[in-house]
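Written below as structure tokens is the structure these notes are about.
Each value in this text was obtained by applying a stated rule to the coordinates, not by laboratory testing. Because the structure is predicted, anything quoted here is derived from the model rather than measured. All Cβ positions, glycine included, derive from the backbone under ideal geometry; neighbour counts span all protein chains shown.
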Amino acid sequence: MVDVLKGLNLEYLAINPASCFRGLHESVVNHGNNQAPEILTCVHEEIACAIAQGYAKIEGRPLGVALHGTVGLQHAAMALYNAYCDKIPIYVLIGNMVDATKRGPGIEWVHSAQDPAALVRDFIKWDDQPGSLQQFAESALRAYKIAMTPPMGPVLLSLDAELQENPIEGPQRPWIPKLPQLRYPVGDAGAVSEVAKLLANAEFPVLVADRMARTQGGMDRLVELAELLQCAVIDQGGRTNFPSQHALNHTFRAKDILRQADVVVGLELGDYWGTLHSFNDRIVRREASITRPDVKTISIGTGDIFIKSNYQDFQRFEGVDVSVMGDGEATLPALLEAVKSQMNADRRSAVQGRGSKLGDGHAKLIEALRSRAAIGWDASPITTGRLCAELWNEIRSEDWSLVGNGLGNIWPRGLWDSRKFYSFTGSSGGIGMGYGAPGALGAALANRKHGRISVAIQGDGDLMYTLGTLWTAAHHRIPLLYVVHNNRAYNQERMHLQVMSGRRMRGLDNVHIGTTLIDPDIDFATVAKGLGVYAEGPITDSKELGPALKRALTLVKRGEPALLDVITEAR
């Protein structure tokens, strides 16, 4: 089994140790010399899977995870759901004792099942329970291929304990199939040509990207296409798809831009309907289209290729004019060449004026954002605008990666100069609490060998779900700076309670009940120190923030994790 995993080039195996995969564990550390895969010790299965999700966003391939039968899989379910919604490949192995007559009394019975993968089958891509070592070899490669084929997602193999532990019988050893070189599906050539013609002749085309760019090549091709067309780009942030300070980036005035569009191309959009409509649920639920009646809408992506019925992550249906089934990044080169062939010299000259106007609009937007970020500069609690400005000031000259953003606002993606596909790793996917800290750590683990500075703006409520992540960061010496956005509340939920109280005209006196994290206040710095991570805080004086960031980043550059507990405004 370990030889097969080595053939898959899995760098790590994230585990919380368990008896049900003791045979595999022993072979990894002794037969495999704890190298490729190397054991990554975690204190909770949800942490292990979330680390794998963050890692894959940077590295572009799975990290292995081993889970403890039924109970470990239940712990990991939330993280697997996040990865499924986020279209991220995770390679999961669980232990199981299939033959009931071989189970020891007590624990082995409650930790085994006839069909353990049934727990999560609605939100993984594929699973199997091999009955022989040869079947394991073949299923292991099949699982990897399925996980890595867009739309990507988690896969799971259930490994019988007897299969892990017993010696190989007979003279013939199982053989390991070849791992194929994967080529991602490209959109139909005719459909791509049709899209190119619409774009080249449009008065005001708009490109909208969500989970599109996996590599720098994907990001660069989108820039080239936008500059050829001199059109606006909206980056919805599922990945870093487009440079934040590029003159054609109009992410933060998306609705105004889309109202003008006569052609909209969506690249791997998770929510096309939500892109083209406004929605408000503050008093009553209201919706309205924000686009022109004659707008032509085009979808390029793999979202419709793999959909399950129970969990509704696929969002509301939008009837687009042209739907191109193909991976967004893989289809971009063909689309770019097709547009070039449609753009003669006169047409290229004609679109320059459109680009100039968009550039002026972008400059005004950035200036307005900078002015807003300066409001309340010396206030306490510290404003999120100053928090992000001070952090940017310390990392702007580094090769940096924002591996977590618990703010939920515009400052980092609006004001920082994001030029690389790893500049920002997107959200959790399923918006499940507890992803932030381990997801950031997985991305930082992947960044480590590239020498990048990894930073995460970490929500306080989210951190309480998976605090044990900090021990893994310290134990494996993964360099990462956590800056805790500590507003001492589940602020999103407090806002919802304010809305409901206002709607029912009951006043706002009680909206703190069940939504705040006070009495006692949580001392994250003390907790982090107890788990082996350098920490400072709580920081309440904005003048102390810059020096504290310098001290913490000095340690991160030396290869250690660090945490700053910053008392901040609500958002």
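Show me the helices of the chain, taken as full DSSP H stretches, that run 30 Å or more along their long axis by Cα and average -1.0 or above in Kyte-Doolittle hydropathy.
352-373
Mean separation of Cα pairs under 8 Å and 6+ residues apart, divided by the residue count of segment 1-148: what relative contact order is that in percent?
24
Using a cut-off of 24 Å between alpha-carbon atoms, which lysines can reach K543, once sequence neighbours fewer than 8 places away in the same chain are excluded?
K543 reaches K529, K557.
At a 10 angstrom cut-off on C-beta neighbours, averaged per residue, how do the peptides 477-484, 134-141, 188-195 rank from highest to lowest?
By packing density, highest mean first, the sequence is 477-484, 134-141, 188-195.
Find which of I283, H476, P130 sits farthest along the positive direction of the dipole of the chain, computed with +1 on the beta-carbon of Lys and Arg, -1 on that of Asp and Glu, about the Cα centre.
The Cα lying farthest towards the positive end belongs to I283.
Using a cut-off of 26 Å between alpha-carbon atoms, which lysines can reach K125, once sequence neighbours fewer than 8 places away in the same chain are excluded?
Reachable lysines: K6, K57, K87, K145, K178, K308.
Any chance you could tell me what percent of the C-alpha pair distances in segment 2-165 go past 27 Å?
So the portion of pairs separated by more than 27 Å is 14 percent.
If you average the alpha carbon positions of segment 520-571 and of segment 80-100, how far apart do those two centres end up, in angstrom?
34
With +1 assigned to the C-beta of every Lys and Arg and -1 to the C-beta of every Asp and Glu, and no other charges, what is the dipole magnitude of the chain about the Cα centre in debye, to the nearest 20?
It works out to roughly 1140 debye.
Restricting the count to DSSP beta bridges whose residues both fall in the chain, what percent are antiparallel, rounded to a multiple of 5?
5
Given +1 on the Cβ of Lys and Arg, -1 on the Cβ of Asp and Glu, and no further charges, what dipole in debye does segment 419-481 carry about its Cα centre, rounded to the nearest 20?
460
Counting Lys +1, Arg +1, Asp -1, Glu -1, what net charge surrounds S139 among other residues with beta carbon under 10 Å of its beta carbon?
Neighbour charge sum, excluding S139 itself: -2.
How much length is gained if the chain between F279 and N9 is pulled fully straight, taking 0.36 nm per residue apart and subtracting their Cα-Cα distance, in nm to one decimal?
Here the answer is 92.7 nm.
In debye, nearest 20, what is the charge dipole magnitude of segment 189-366 about its Cα centre with +1 on Lys and Arg Cβ and -1 on Asp and Glu Cβ, if you could check?
Roughly 440 debye for segment 189-366.
Would you kindly give the portion of the calculated P(r) for segment 90-156 that falls above 15 Å, as a percent of all Cα pairs?
For segment 90-156, the share of Cα pairs beyond 15 Å comes to 56 percent.
What is the Å³ per residue value for the convex hull set by the Cα atoms of segment 189-366?
Output value, Cα hull per residue: 122 Å³.
At 1.567 mPa s and 4 °C, plugging the Kirkwood radius over alpha-carbon pairs of segment 330-370 into Stokes-Einstein gives what diffusion coefficient in µm²/s?
Answer from the Stokes-Einstein relation: 105 µm²/s.
In whole angstrom, and with the biggest value first, how far do the Cα coordinates of segment 310-409 range along each principal axis?
55, 49, 29
Given labels modelled 7 Å from the Cα in the Cβ direction, how far is it in nm from I518 to V110?
According to this spin-label approximation, the distance is 4.1 nm.
Before anything else, pin down the relative contact order of the chain: Cα pairs under 8 Å, at least 6 apart, normalised by residue count, whole percent.
14
Could you pull the Rg and Dmax for segment 342-393, using just the Cα atoms, both in Å?
For segment 342-393, the Cα-based Rg and Dmax read 18.5, 57 Å.
Treating cross-link reach as a plain straight distance, find the aspartates and glutamates whose alpha-carbon is under 16 Å from the alpha-carbon of K420, omitting any fewer than eight places away in the same chain.
E59, D210, D220, E224, D235, E329, E398, D399
Arrange the peptides 297-303, 441-447, 15-21 so that the one whose residues have, on average, the most other Cβ atoms within 10 Å appears first.
The most tightly packed comes first, giving 441-447, 297-303, 15-21.
In Å and whole numbers, how far do the C-alpha atoms of segment 419-554 stretch along each principal axis, longest first?
55, 31, 28 Å, listed from the longest principal axis down.
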